[in-house]
2 protein chains.
Amino acid sequence: MKIIIVGATGTIGKHVVKALESAHEIVKVGSKSGDFQVDISSLESIESLFKQVGPFDALISAAGDAHFGPLPQMTDADFRKGVDSKLMGQVNLVLIGQKYINAKGSFTLTSGSLAQDPIVYGAAVSTINGALNGFVKGAAIELENGVRINAIAPGVVEESPAYFPYFPGDIPVEMHRVAQAYYKSVMGGQTGQVYFVG
Amino acid sequence: MKIIIVGATGTIGKHVVKALESAHEIVKVGSKSGDFQVDISSLESIESLFKQVGPFDALISAAGDAHFGPLPQMTDADFRKGVDSKLMGQVNLVLIGQKYINAKGSFTLTSGSLAQDPIVYGAAVSTINGALNGFVKGAAIELENGVRINAIAPGVVEESPAYFPYFPGDIPVEMHRVAQAYYKSVMGGQTGQVYFVG
């Protein structure tokens, strides 16, 4: 299987690569690193990526930023960082990628636990994660040629210790458990699902 | 209680007005009608609304548009109609309104059933609804001075017959049941909740 991994060298992405690379052709994509570079906030950059890579069987996105900060001071501009990057970046990978993906292929996006399990400073992230969870449910029933789509919603992961103080009482998720959720999405048959990994 | 209703003359809004007007001071707001006008896609227009209305106890939003159409042809621009209107319009009513609302006040936003129960042509709407459901959960734990926030997620409503063919098998929701969900949000004590009205 030819699998594009956007965010391949990131905290989560590198473990997803490890879980899949022995048996598949992995196309590593990053904002600055990898086999190909993409700016997911740019439609032209996404279109150019797919033209360069050509037909593929699966796309995994573990990419996108969002604003983290106190609600009383949060502005429209803060909020739109996540809208433009983590939300519309990943949505556009699908809207554009659906023209290039092979039949029976799959898209796997990354949301996160905060849409269901909010934390202080996380209102914009809860919003973006909820949006992505809604998107995969809506898109799953319309993607053509048997193409599937799921989202992975991990809690705070063990290799992001800087975030631990913001997730009081949450037990950081082991990286291999997170990677297996992506593996399940790509290799399984489900669609329109959100896999919570807590 | 002084209650701002944005979208007061809309399909849902007029029933919410009816449920609350006998016992409360209602400030009716519309894009073109009502006591005050607002363009929720404009930060300046929202700020101006709150400056004119002054302190208030509750804000209900039953406003905002989103794109409805087939996923294979959907573009970033289509998708952003809902992001700018139904999502960021309602989010900005809260981000800005939190500076004007009285202690123990409440915000009630409108999402919809499609984030959980998708229909063909509804992928962008599922996304926006999921975003709003995530936002109220995240915002609820940070709003200050006892201010609450909830979302109402109605199915297709009985006074929108043009949409019935897109919701096969769904029984249209009676307007008084929808209005009561808004009433519950304003008059009750809950926060961070999504009231599904199906």
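Descriptive notes on the structure:
- Within the stretch A:38-60, if we keep just the residues that are within 14 Å of another protein chain (Cβ to nearest Cβ) and among the small types (Gly, Ala, Ser), the residue that is surrounded by the most Cβ atoms within 10 Å (Cβ to Cβ) turns out to be A:Ser41.
- Only one of the numbered conditions (1) away from every other protein chain (no Cβ under 11 Å); (2) closer than 14 Å to B:Gly138 by Cβ is not met by A:Ala63, and that is (2).
- A single member of B:Lys14, B:Lys86 is free of Cβ contacts under 8 Å to residues at least 60 places away in the same chain and either buried (at least 21 other Cβ atoms within 10 Å of the Cβ) or under 20 Å from B:Gly105 (Cα atoms) (or both), and it is B:Lys86.
- From A:Ala124, A:Ala140, residue being at the interface with another protein chain (Cβ under 8 Å from one of its Cβ atoms), of a type in the set (Gly, Ala, Ser) and touching a strand residue (DSSP E or B) at 6+ places or on another chain (Cβ under 9 Å): A:Ala140
- Meets criteria (at the interface with chain B (Cβ under 10 Å from one of its Cβ atoms), at pLDDT 95 or above and closer than 22 Å to A:Ile149 by Cβ) for A:Asp76: no
- Residues of the stretch A:170-198 satisfying the condition of being assigned to a loop (DSSP other than H, G, I, E, B), within 14 Å of chain B (Cβ to nearest Cβ) and over 25 Å from A:Ala23 (Cβ atoms): A:Gly192
- Any hit, the stretch B:105-115, residues being surrounded by fewer than 24 Cβ atoms within 10 Å (Cβ to Cβ) and either touching a strand residue (DSSP E or B) at 6+ places or on another chain (Cβ under 9 Å) or closer than 24 Å to A:Ala153 by Cα (or both): yes
- Evaluation of B:Gln98 against (1) closer than 18 Å to A:Phe135 by Cβ; (2) within 11 Å of chain A (Cβ to nearest Cβ) (one fails), failing number: (1)
- Scanning the stretch B:91-119 for residues that are among the aromatic types (Phe, Trp, Tyr) and either assigned to a helix (DSSP H, G or I) or closer than 20 Å to A:Ala115 by Cβ (or both) returns a single hit, B:Phe107.
The values are calculated or read from the model by the stated rules, or taken from the named source; none is laboratory data. In this text, all values refer to a predicted model and were calculated from it rather than measured experimentally. FYI the Cβ positions are ideal-geometry reconstructions off the backbone, even for glycines, and counts take in every protein chain you see.
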